[in-house]
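Peer 1: Take a look at the following structure, please.
Read-outs throughout are calculated quantities, based only on the coordinates presented, and are distinct from any laboratory measurement. These numbers were taken from a predicted model, which means no experiment stands behind them. Using ideal geometry, Cβ is built from the backbone for each residue, glycine included, and neighbour counts are taken over all protein chains shown.
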Amino acid sequence: MILTTMDFTNFFEHTSSIFSNHFSKGEIDIIMGYVEILADANFRCYRANMIVIEERKKAYVDAQLISDMEWVARSVGEYRVSSKANINAYISKIKSIRPITVPESMSHDDIVYSIGEMMDRLSIETIKRVDFEVNNRPLQMTESSLALSHRVRTYLIAKLEDIDYKGFYECVPEQRTYEIEDIKKDLAI
């Protein structure tokens, strides 16, 4: 069964609580606005991809439906990229009180595994766990997803502490190769 709705309330509350040790309420509201867009885009991408997979399993496929859902996945993918970039740019703007320097080690590099990427991974794993539960998938799948989420949250906490310590968060603006702005087909899922 493909999920038709998704409740991210616990994910948002838990993420906000992690951020609360490092940002003001107003700053968290702005960051979480981007996280909400990212989570919604991830859910729309999940739905579109699952519809494509389900359709491709049929003996006779609806090529238009597949095309439409692949377009949905591509277009919401751009929202994902934009949201991650906005998270990173905003955090860099408010946390960079010292000049950005070359990191001492890869674990201190903000570009390699950014906070935007962590929010992306955590929201994807949240969707997976709900899907696994609804579709009675083996418990090991949920446990693996939880273990991955735990590690990402642990790294997020360490990253936020590192940013506070060093006084900056480096952000390199996302450069896109896709030019989808002039495409007229607008589908919603």
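Peer 1: Would you check if there is a residue in segment 74-82 being surrounded by 12 or more Cβ atoms within 10 Å (Cβ to Cβ) and farther than 29 Å from residue 1 by Cα?
Peer 2: Yes: segment 74-82 contains one or more residues that are surrounded by 12 or more Cβ atoms within 10 Å (Cβ to Cβ) and farther than 29 Å from residue 1 by Cα.
Peer 1: Mind counting the residues in segment 21-43 that are charged (D, E, K, R) and not in a helix (DSSP H, G or I)?
Peer 2: 0
Peer 1: It is to be established whether one or more residues within segment 20-27 are within 15 Å of the chain's Cα centre (by Cα) and either over 21 Å from residue 154 (Cβ atoms) or of a type in the set (Val, Ile, Thr) (or both).
Peer 2: So in segment 20-27, the residues within 15 Å of the chain's Cα centre (by Cα) come out as none.
No: segment 20-27 contains no residue that is within 15 Å of the chain's Cα centre (by Cα) and either over 21 Å from residue 154 (Cβ atoms) or of a type in the set (Val, Ile, Thr) (or both).
Peer 1: Being without any contact (Cβ under 8 Å) to a residue 60 or more places away in the chain and surrounded by 12 or more Cβ atoms within 10 Å (Cβ to Cβ) is the filter here, so list the residues in segment 104-115 that pass it. Can you show your working first?
Peer 2: First, the residues of segment 104-115 that are without any contact (Cβ under 8 Å) to a residue 60 or more places away in the chain: 104-108, 112-115.
Within segment 104-115, 107, 108, 113, 114, 115 meet the criteria.
Peer 1: Checking residue 46 against (1) over 21 Å from the mean Cα position of the chain (by Cα); (2) part of a helix (DSSP H, G or I); (3) hydroxyl-bearing (Ser, Thr, Tyr): exactly one of these is not met. Which one?
Peer 2: Among (1) over 21 Å from the mean Cα position of the chain (by Cα); (2) part of a helix (DSSP H, G or I); (3) hydroxyl-bearing (Ser, Thr, Tyr), the lone unmet condition for residue 46 is (1).
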